[in-house]
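Notes to accompany the following structure.
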Amino acid sequence: MTEPQRIDDIVTQGARRFAERPALRDGARVFTYGDLAAGIDAASASLAARGVIAGDRVLVVAENGWTAVVLLFAIGRLGAWPALVTARLGAREIDTIAVHGEPRLALYLSATSDAAAEHARRRGAHATELAPLGALHAERTERDPRPEPAPARPEEGVAALLYTSGTTGAPKAAMLTHANILFLAQAQARARRYSSDDRVYCPLPLAYAGALASIMMSTFVAGGCLHLAPRFAPEALARALRDDGITVVPGVPTLHVKLVAWARAHPHAFTAPRVRMVTCASSPLDATVKADVEALYGLPLQNGYGLTETTAVVCQTRLDERRTDTSVGRPLPGVHVRLAGEAGGEVACGEIGEILVRGPNVFAGYYRHPDATRAAFTEDGWFRTGDLGRLDAAGDLAIAGRLKELIKHSGYTVYPADVEAALHAHPAVASCAVVGRPDGADEEVVALVQVKQGATASRGELMAFLARRIAAHKLPSVLEVVVALPALPSGKVDRAEVRRIARTLARG
């Protein structure tokens, strides 16, 4: 069998090898690899008939579903660039992306998403049908956008134009190539031991690199079946675990916290007879959350680390390891990591430095943002993640926070992760976020805390709890108990919104 050059080749090869095997479950509907391949063939022909050519950008505003998956592959088959964005984004975000990407065509999957339908209505998109996918809304740009030049080789073409989450600033469009995604999917399938027997649950938006490359594509590489959910609901996951033979549960910390809370509220309703692996990534993992999830499933929680720009994965823990810490493990084979100090040199073992990455998973750059692309790489070609970590003697990585989120308080450097870890140790705390805010020439530490359902914890109680666990210079000047932390569609805490809220809070 020839090596795949584009990501749709994985589906084509799957259809040739096992056409009748289930590839995708979307609600009650199950699509085989043959169904998926036929859908891609027909959709790519329909798009070509609408004038989509190689190098065009095609915006797809959607929630998880069969239609979004088919469009992703069909656009790429034409050599065009799919810009897949979640319909959960706000109006301004969608408008900004539409202006920036200059798509030849914007497709709103309105039949399966009320949010996509609202974006379509607001932007004046017209109702249409696209064979074989049925009804949707389409918007064609008034200008004739210039296609991007053809790549030297098919695998160097852009397979997905993904807009970063913007937790620390304005979102940018990361160009992930076919080679990036193929490498990651194949490496992940080997590392996680995916097989055709796996049934992988995915409520995370496919518009994010983790869901697209690490979950969906690695499942298809192995010939497994992807169970798509448009949004996460703990009761829906619990039902799928009980009834649908789910074997792999990827997630983010907030997803796992909600499921644990649901299971505790329904003590006799939770069962997961076929699950062999539970994973966590995207946000820092708290030790208490890890212990709760492991107790629920009776399995080790596999932790990982990556960014959109690294096609979702850099490091992850190994399946045959049971860890008591929250390390993110070692780099994938073929991926290299080093930690740099402020002067750019490597730091000693156990010391904190910026995480630099090199490997086939590293993206091609930011679309239409050459300055940001140059700034993202060192002179010798390492990608600068902006994240801080420490490596131990075995080569395992622990995340210490973000470079830009360091708080300089009273002459000390405060790592938000240290304060958050201390807060998470309190039995009533479900989630928290710690940021810095200007205080004259200094910065002060601000914490927002969400307590577990049915639990209570006052500011004074939490401050006293922290005072017994962390140094005085790390204690928050402001600690606010909130109903819920602001979150992005990916499930990550929206730190930009946390910082905005922090600026409005009074001391005391």
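Structure summary
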{"item": "Residue satisfying condition, being of a type in the set (A, V, I, L, M), outside the structural domain of Pro489 (by TED's automatic domain parsing), under 27 Å from the mean Cα position of the chain (by Cα) and at pLDDT 95 or above, within set Ile53, Ile40, Ile97", "result": "Ile40"}
{"item": "Scan of segment 321-345 for residues that are of a type in the set (Val, Ile, Thr) and either buried (at least 16 other Cβ atoms within 10 Å of the Cβ) or assigned to a strand (DSSP E or B) (or both), ordered by number", "result": "Thr326, Val328, Val335, Val337"}
{"item": "Considering residues of segment 4-21 that are under 27 Å from the mean Cα position of the chain (by Cα) and farther than 24 Å from Leu161 by Cβ only, the residue surrounded by the most Cβ atoms within 10 Å (Cβ to Cβ)", "result": "Gly14"}
{"item": "Count - residues of segment 495-504 that are buried (at least 16 other Cβ atoms within 10 Å of the Cβ) and at pLDDT 90 or above", "result": "5"}
{"item": "Residue among Thr385, Thr373 that alone is among the hydroxyl-bearing types (Ser, Thr, Tyr), modelled with pLDDT of 95 or more, within 25 Å of Trp81 (Cα to Cα) and not in a strand (DSSP E or B)", "result": "Thr373"}
{"item": "Residue count, segment 156-171 (criterion: at pLDDT 60 or above, within 12 Å of Tyr208 (Cβ to Cβ) and of a type in the set (Gly, Ala, Ser))", "result": "1"}
{"item": "Count of residues meeting criterion [in contact with a helix residue (DSSP H, G or I) (Cβ under 9 Å, 6 or more places away or on another chain) and closer than 13 Å to Gly386 by Cα] in segment 326-354", "result": "1"}
{"item": "Number of the exception - Asp286 against (1) under 21 Å from the mean Cα position of the chain (by Cα); (2) over 20 Å from Ala394 (Cα atoms); (3) among the charged types (D, E, K, R); (4) surrounded by fewer than 18 Cβ atoms within 10 Å (Cβ to Cβ)", "result": "(4)"}
{"item": "Options Cys432, Cys349: the member that is modelled with pLDDT of 90 or more and in contact with a His (Cβ under 7 Å, 6 or more places away or on another chain)", "result": "Cys432"}
{"item": "Number of the exception - Ala433 against (1) in a helix (DSSP H, G or I); (2) closer than 27 Å to Pro250 by Cβ", "result": "(1)"}
{"item": "Flag if Ala295 is over 21 Å from the mean Cα position of the chain (by Cα) and either in contact (Cβ under 8 Å) with a residue 60 or more places away in the chain or more than 25 Å from Pro416 (Cβ to Cβ) (or both)", "result": "yes"}
{"item": "Condition check for Pro438: touching an Asp or Glu at 6+ places or on another chain (Cβ under 6 Å) and not charged (D, E, K, R)", "result": "no"}
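A quick yes/no check of all residues on (1) touching a residue at least 24 places away in the same chain (Cβ under 8 Å); (2) under 18 Å from the mean Cα position of the chain (by Cα):
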site: Val313; (1), (2): yes, yes
site: Glu342; (1), (2): no, no
site: His369; (1), (2): yes, no
site: Arg374; (1), (2): no, no
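For (1) over 25 Å from Val257 (Cα atoms); (2) among the β-branched types (Val, Ile, Thr); (3) within 24 Å of the chain's Cα centre (by Cα); (4) at pLDDT 90 or above, each residue gets a yes or a no:
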position: Phe377; (1), (2), (3), (4): yes, no, yes, yes
position: Gly389; (1), (2), (3), (4): no, no, yes, yes
position: Ala393; (1), (2), (3), (4): yes, no, no, yes
position: Leu403; (1), (2), (3), (4): yes, no, yes, no
position: Leu406; (1), (2), (3), (4): yes, no, yes, no
position: Tyr415; (1), (2), (3), (4): no, no, yes, no
position: Asp418; (1), (2), (3), (4): no, no, yes, no
position: Ala421; (1), (2), (3), (4): no, no, yes, no
position: Pro427; (1), (2), (3), (4): no, no, no, yes
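Residues are listed down the side, and each one gets a yes or a no for (1) buried (at least 21 other Cβ atoms within 10 Å of the Cβ); (2) in contact with a strand residue (DSSP E or B) (Cβ under 9 Å, 6 or more places away or on another chain); (3) within 29 Å of Val335 (Cβ to Cβ); (4) free of Cβ contacts under 8 Å to residues at least 40 places away in the same chain:
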{"position": "Leu403", "(1), (2), (3), (4)": "no, yes, yes, no"}
{"position": "Leu406", "(1), (2), (3), (4)": "no, yes, yes, yes"}
{"position": "Pro416", "(1), (2), (3), (4)": "yes, yes, yes, yes"}
{"position": "Ala422", "(1), (2), (3), (4)": "yes, no, no, no"}
{"position": "Ala428", "(1), (2), (3), (4)": "no, yes, no, yes"}
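The values are calculated or read from the model by the stated rules, or taken from the named source; none is laboratory data. Please read all numbers here as calculations on a predicted model, not as lab measurements. Using ideal geometry, Cβ is built from the backbone for each residue, glycine included, and neighbour counts are taken over all protein chains shown.
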